[in-house]
Ligand SMILES: Cc1cc2nc3c(=O)[nH]c(=O)nc-3n(C[C@H](O)[C@H](O)[C@H](O)COP(=O)(O)O)c2cc1C
Ligand code: SF4
Ligand code: SF4
Ligand code: FES
């Protein structure tokens with residue numbers, strides 16, 4: 001009899017913090033205590049709280065253990081599995097709360113992540129036990145393609161890859177498009193820095209994507225699908241390959257699915273990791289074996305995509321929603337969310353927030369709930385300053401906009417975008433100019449170089465920002481940034497260039513004073529930009545250890561060992577920060593000039 | 001036939017035409033740079049951007065956008081003129097376009113566009129990347145400092161000559177036109193020495209050796225002439 005079930009997260013984040021070793025240690029300890037027949041270990045996909053990994057969840061009680069190390073395994077086995085009392089020092093919180101009692105989970109609403117963290121992604125049986133492939137079966141045996149498309153349209157699902165295009169409308173365009181064969185493509189390029197929503201779904205529930213694509217194939221009249229996935233996702237690729245083999249073996253992919261006339265199979269295509277290859281026309285070029293460069297639309301891929309044929313391209317998370325819409329009904333799906341943004345959205349929380357990781361929330365939740373209730377707010381000692389939402393093409397929203405609902409239209413109205421779901425929380429130690437510069441550097445590096453506004457425009461904006469953070473900004477620079485930004489938005493060929501100015505334009509809009517301080521006062525209010533800070537030694541904290549003087553390459557840090565306080569002569573200081581790093585007593589302060 | 005309006009003039013177009021073709025047929029001039037008759041449109045330079053009133057004022061490249069029934073196109077406006085000037089300025093600032101020192105001075109499409117659009121000075125800082133000239137080919141040379149990355153050479157070489165010698169390397173502002181896989185042009189095993197790329201090039205980036213500036217007149221129309229009788233897809 002299996003008395004205990006242990007769900008062990010084997011997502012990429014937990015694997016990199018050592019979940020494999022924890023698993024081996026647990027198996028050793030279980031063997032040593034002869035508990036193997038009583039305890040079942042299940043490798044699952046990402047559970048969400050990645051910062052706390054490796055994590056494991058013990059049922060039937062629902063005890064959540066965090067930051068588990070291999071050395072803890074024996075203790076868990078003895079204390080919990082043998083003696084029946086949870087190991088207190090590894091609990092998420094005092095009192096062994098169950099997941100639904102932990103705020104991080106309580107405010108979430110898991111639909112596409114439902115199976116992530118609960119089933120073994122490498123076992124098709126577990127997927128089927130959770131209702132897997134039932135939606136596909138229903139679609140091909142008892143619905144017409146038109147009915148499937150109508151259900152998706154009625155659900156109000158919009159694309160999760162960034163732009164939020166109505167999915168039902170897109171399917172209908174491909175369904176009625178002239179030309180055979182047609183293709184179904186899954187965009188798993190996920191190039192936003194810090195985003196890992198799609199990776200987690202592919203690693204934790206790969207069959208849900210295959211099923212969504214097969215349903216799409218039936219609806220639009222395609223018999224071949226491609227998953228375009230970045231080669232940097234080896235675990236997701238491996239699990240997709242396992243899933244594909246299992247699905248073919250059971251006949252839910254391949255010839256005559258569910259003994260109907262519908263045949264559908266899927267191939268993987270690996271991308272080399274260029275951000276622009278996530279743009280749909282560049283992605284198509286890449287699959288075709290050409291240089292990954294966007295082309296003007298129209299014609300859209302729906303009428304002329306892969307090899308010039310009608311092609312449906314959707315994002316991973318979009319496909320993951322499909323089976324739920326058919327199983328629960330489009331109305332149930334549409335009951336969650338706001339008027340124009342239905343269902344849930346997965347976000348990757350990162351930056352200065354207590355609970356970083358992966359969360360899924362109903363559309364329309366406020367930024368405040370996302371950042372504070374679920375994310376746990378900014379760690380002690382610092383203040384919330386802004387949230388960058390939508391990745392490098394997104395915008396930066398200040399605390400006065402924390403009550404904005406997270407939906408496609410509200411976010412874009414305020415100069416941000418839903419994007420694919422990257423959320424970076426910034427605290428008051430962040431320089432907004434420097435941050436905008438960072439994102440622009442990213443898009444400038446990733447620009448494919450095809451069109452002039454993006455290729456050269458990003459460089460010109462970057463040159464201005466470089467000047468500003470170096471303390472050499474001019475008054476007219478701000479207007480220039482706005483002009484180039486507007487030009488790029490309107491004139492660039494693809495979404496990369498059209499959205500690249502967003503971080504700059506949104507910080508100019510919400511934090512103009514910070515730009516002005518850099519330019520007029522030659523000062524970085526957050527104390528970040530190296531040229532615009534001053535190092536000072538706090539006389540009360542200095543113990544006269546001499547570490548700063550020895551570290552300083554220019555002799556700016558001065559004093560006599562044992563005779564505090566030391567001093568920094570600003571005229572000699574080259575702002576390298578060596579003293580700041582060297583001081584063991586945190587006596588060196590970095591301040592705005 | 002398809003009916004559309006360009007600058008408030010009713011225009012008739014064949015279904016497979018682009019907005020540019022329709023405009024030209026109606027005698028309406030739209031500036032272009034990366035476009036060249038006979039080569040596939042790429043919509044890269046963005047100088048031919050026109051505004052579509054009934055698409056919420058969206059800007060699209062005339063050279064690469066198929067005509068559609070009822071399109072209401074603005075091909076000339078203050079907004080477009082200023083945008084086109086900015087794009088030209090960006091091109092001038094990107095590499096090295098000091099005309100007085102160029103083999104194509106007087107016969108350069110970039111220079112002509114600047115005159116046409118009234119772009120008489122550059123307000124952006126020049127980048128001057130100092131790229132190496134490749135003069136290894138017996139008949140021709142390439143000076144990447146004059147290149148605007150329009151890709152006309154690449155398309156002439158692959159689509160018309162079928163040699164596939166030229167290609168893009170690198171990305172963003174570091175993009176370069178390269179022969180074969182970055183070999184010196186003179187050592188290329190695919191180049192047939194036909195010179196179509198040189199004729200297609202709008203600037204002095206690709207040039208003929210042993211010709212003085214005054215003789216360095218190109219014949220971009222050559223591409224259309226040699227493909228005229230070919231069956232089209
Ligand atoms: C520069 C750029 C990068 C993109 N990267 C991605 C990506 O990584 N994943 C994705 O699904 N969509 C990405 N997109 C959006 C796609 O072009 C496309 O809109 C999307 O895959 C459509 O799927 P959806 O309707 O399901 O959202 C990107 C767009 C641009 C302009
Ligand atoms: S906007 Fe940038 S990424 Fe897109 S086509 Fe132009 S250069 Fe390439
Ligand atoms: S070499 Fe000439 S034709 Fe080729 S991309 Fe450069 S400017 Fe265009
Ligand atoms: S001529 Fe149309 S974009 Fe260059």
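Below are the figures for this structure:
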quantity: Chain A: angle of helix A:316-328 to the longest principal axis, Cα-based, in degrees nearest 10; calculated: 50
quantity: Pairs of Cα atoms farther than 15 Å apart, the stretch A:344-427, %; calculated: 48
quantity: Separation of alpha-carbon centers, the stretch A:1-51 and the stretch A:233-257, rounded to whole Å; calculated: 25
quantity: Distance in nm between pseudo-label sites at residue B:181 and residue A:331 (7 Å out along the Cβ direction from Cα); calculated: 6.1
quantity: Cα-projected label distance for residue A:98 with residue A:138, points at 7 Å along beta-carbon direction, nm; calculated: 2.7
quantity: Crossing angle, helix A:145-155 versus chain A [Cα axis fit, 0-90 degrees, rounded to tens]; calculated: 40
quantity: Order of A:534, A:297, A:290 - criterion: other Cβ atoms within 10 Å of each residue's Cβ, fewest first; calculated: A:290, A:534, A:297
quantity: Percentage, to the nearest whole number, of Cα pairs in the stretch A:124-334 over 22 Å apart; calculated: 43
quantity: Sorted by Cβ neighbour density within 10 Å, fewest at the top, the residues A:171, B:17, A:92; calculated: B:17, A:92, A:171
quantity: Length-normalised contact order for chain A - Cα pairs under 8 Å, 6+ apart - percent; calculated: 11
quantity: Theoretical gain in end-to-end length, residue A:66 to residue A:128 [0.36 nm per residue, Cα-Cα removed]; calculated: 19.4 nm
quantity: The stretch A:82-109 versus the stretch B:128-203: alpha-carbon centroid distance in Å; calculated: 64
quantity: Tilt relative to chain B, helix B:78-94 - C-alpha long axis, 0 to 90 degrees, to 10; calculated: 10
quantity: Cα pair count fraction exceeding 34 Å, expressed as % - chain B; calculated: 17
quantity: Within the stretch A:520-536: backbone nitrogen closer than 18 Å to the residue A:428 label point (7 Å, Cα to C-beta); calculated: A:524-529
quantity: Distance (nanometres) between label positions extended 7 Å along Cα→Cβ at residue A:571 and residue A:2; calculated: 7.6
quantity: Largest to smallest principal axis extent of the C-alpha atoms in the stretch B:2-76, angstrom; calculated: 26, 24, 18
quantity: Hydrodynamic radius (Kirkwood) for chain A, which is based on Cα pairs only, to one decimal in Å; calculated: 26.1
quantity: nm² value of the averaged projected area, convex hull over the Cα atoms of the stretch A:142-225; calculated: 6.2
quantity: Most to least packed among A:384-396, B:200-212, B:64-76 [average Cβ atoms within 10 Å]; calculated: A:384-396, B:200-212, B:64-76
quantity: Sorted by Cβ density within 10 Å, fewest first, the residues A:374, B:142, A:128; calculated: A:128, A:374, B:142
quantity: Alpha-carbon Rg/Rh ratio, for the stretch A:432-520, with Rh computed the Kirkwood way; calculated: 0.95
quantity: Cβ-Cβ FRET estimate between residue B:174 and residue A:78, R0 fixed at 56 Å, reported to 0.05; calculated: 0.40
quantity: Label point at residue A:256 placed 7 Å out along Cα→Cβ; residues across the stretch A:195-239 whose backbone nitrogen lies under 19 Å; calculated: A:218, A:223-224
quantity: Computed FRET value (nearest 0.05) for residue A:24 with residue A:88, which takes r as the C-beta separation and R₀ as 25 Å; calculated: 0.55
quantity: Two-site FRET efficiency, residue A:38 against residue A:272, from Cβ-Cβ distance with R₀ of 45 Å, rounded to 0.05; calculated: 0.45
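Bear in mind that the values in this text are calculations on the coordinates, not laboratory data. Every value quoted in this text rests on a predicted model; they were computed, and no experiment measured them. Note that each Cβ is placed from the backbone with ideal geometry, even for glycine, and that neighbours are counted across all protein chains shown.
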